[in-house]
Structure formats: structure tokens, C-alpha cells
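Taking it in order: structure first as C-alpha cells, then the write-up.
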Amino acid sequence: MNFATWNINGLRARFDLVKHWLEKRQPDVVALQETKTEDSSFPVDQFEALGYHCYQHGERAWNGVALLSREKMEVLTVGLPDEETAGARLITAKIHGFTMTSVYCPNGKNPEHTDFAAKLSWYDSLGKYWQELSRDYETSVIGGDFNIVPSARDSWRGKEGDGEMFHTVEEREKLWAFVALDLHDLYRELNAGSKEFTWWDYRGGSWEKGEGLRIDMIYGTPNVRALTERVVIDKEYRDRIDDLTPSDHVPVYVELNSL
């Protein structure tokens, strides 16, 4: 079994690119973020034609998350409890006894903005939700755009970036507290010495310069970690493919030996 996460930065603009990737990589379950599409406008028929069932939580022009699956899933949660004013940012569904969550964490703007405190509070709510989910499900995966750089090696600036937005102690402590809920960073644990990124700003030639951040992660419970064979950051899809405009994020792809 394999699964992936991808912030596509607008499904309408990126559907053909997502289609290209699905046909080439053939994932079993995909978590999407920043779909920026209302549920009524989600291209269900087009995804079904590609062999995927769709489960989405969206809104017009902003945010939005979804799960695509080759097999039917049972939706468990739509929206992060007590945090829906922050937008459509979470959906969880179950398949074969394990849960998959797609999450799009708030940006926070900057440490002086009121959105920054709201981001930290949102993470508290995410942790509370995960603890409750974990009481019922021992096998779980959460993938998405966490909008926090876990450590210096996950930033093109290294330690020089410490203290900047997405690199602050306050943000990292919230992310680390969440991961401490018996979760494993699947990419980092299988690629301990690597310095790869998942996001490059459209501006300033960041992609060409290699100035990226790793902010898109897949975390799994210990039993998922034990089954994980390979985790790939699919950088091929940051380049223009078949004249299709890329997202500023790339997919993160996990292969399991079974589940």
C-alpha cells in the first residue's frame, strides 16, 4: 500500500497536473490541501473516472482539504473541532481499520499578527483531537501542510533561519508537542541525513536557487512506521510538466510493505 500528501494550491488550476501525477504514481490514498474548492464544485466525476473515491471539506477560494482513495473510506471527522472559524482544514477517514487525515495548518502570517496566536491555539486543538482519535484507532496517518519547519536542516537557511516565521521556537514547540503524541516523521526517520524540501516560493527564483522549506509532512503511529519501506519527496513535480503550471509544493509519497 502507498499513500501521499500534496498541497496543490488550487484544484481548478491544478487538476490536470494532479491527474498526470495520479496516473504516473498510482497512489492508493492521497491527502490534498489547499483545494480552494467548495464541496459542490469538487470534480468528483473526474476523479472517479481515474479510479478514486473522493472525500472533501472545502470552501470557496481558500483552504480546503480532501482525501482520494482507490477503495471506499468511512469519513470520521470533517473539520477540526472548535476551530472551523479558521477554515476548512481537516478531514479524517477510515479504511481497513486505519485512519488517514488530511490537514492544512494555519499560516500565522507573522509573530506580531493576531493570526500567529490563533495558529498556536489551533495546534493545541489539533493535539486534543489526535489524542481523542488515538483512543479508538491505533493505526493512523496524518499528512499535510503543517506550515512549520521542524528543524534547521529542513530549511535552506539552516540555523540562520531560526526565529523567522515558520522557524520560531513557539511554532516548533507546538509541532514537537503534537509529534510527541506517539507519532513518527516518516520521511525524516528514513532519510536522516537528507536535506530536501517540499515548498519553494514562486517569487525570487526560489526553486532554481534551491531555497526551499520542508513543511509538508506525513506522520504515522508506531505500527505504520514499522511497515514503512520508502518515503520520497517527489521534486519532479515542482518543474513544469507538459506545460502544466506546478504548485509551489510537491507531493510526499510513502510506500508500505503491507497494512
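Worth a mention:
- Residue that is modelled with the lowest pLDDT [pool: residues in segment 183-193 that are surrounded by fewer than 15 Cβ atoms within 10 Å (Cβ to Cβ) and in a loop (DSSP other than H, G, I, E, B)]: 193
- Close pairs from segment 222-234: first touching a residue at least 40 places away in the same chain (Cβ under 8 Å), partner among the aromatic types (Phe, Trp, Tyr) and outside any loop (DSSP other than H, G, I, E, B), Cβ under 6 Å, at least 6 apart: 231/187; 234/253
- Output for segment 173-213, where each listed residue is over 25 Å from residue 100 (Cβ atoms) and in contact with an Asp or Glu (Cβ under 9 Å, 6 or more places away or on another chain): 195, 200, 201, 202, 204, 205, 206, 207, 211, 212
- Of the residues 21, 62, the single one that is under 18 Å from the mean Cα position of the chain (by Cα) and touching a residue at least 40 places away in the same chain (Cβ under 8 Å) is 21.
- Number of the exception - residue 196 against (1) more than 23 Å from residue 253 (Cβ to Cβ); (2) in a loop (DSSP other than H, G, I, E, B); (3) among the acidic types (Asp, Glu): (1)
- Complete set of residues in segment 171-184 that are among the acidic types (Asp, Glu) and either under 12 Å from residue 149 (Cβ atoms) or touching a helix residue (DSSP H, G or I) at 6+ places or on another chain (Cβ under 6 Å) (or both): 171
- Per-region count, segment 199-226, residues part of a loop (DSSP other than H, G, I, E, B) and more than 23 Å from residue 134 (Cβ to Cβ): 6
The values are calculated or read from the model by the stated rules, or taken from the named source; none is laboratory data. These numbers come from a predicted model, not from an experiment. No Cβ is skipped: glycine too gets one built from the backbone with ideal geometry, and neighbour counts run over all protein chains shown.
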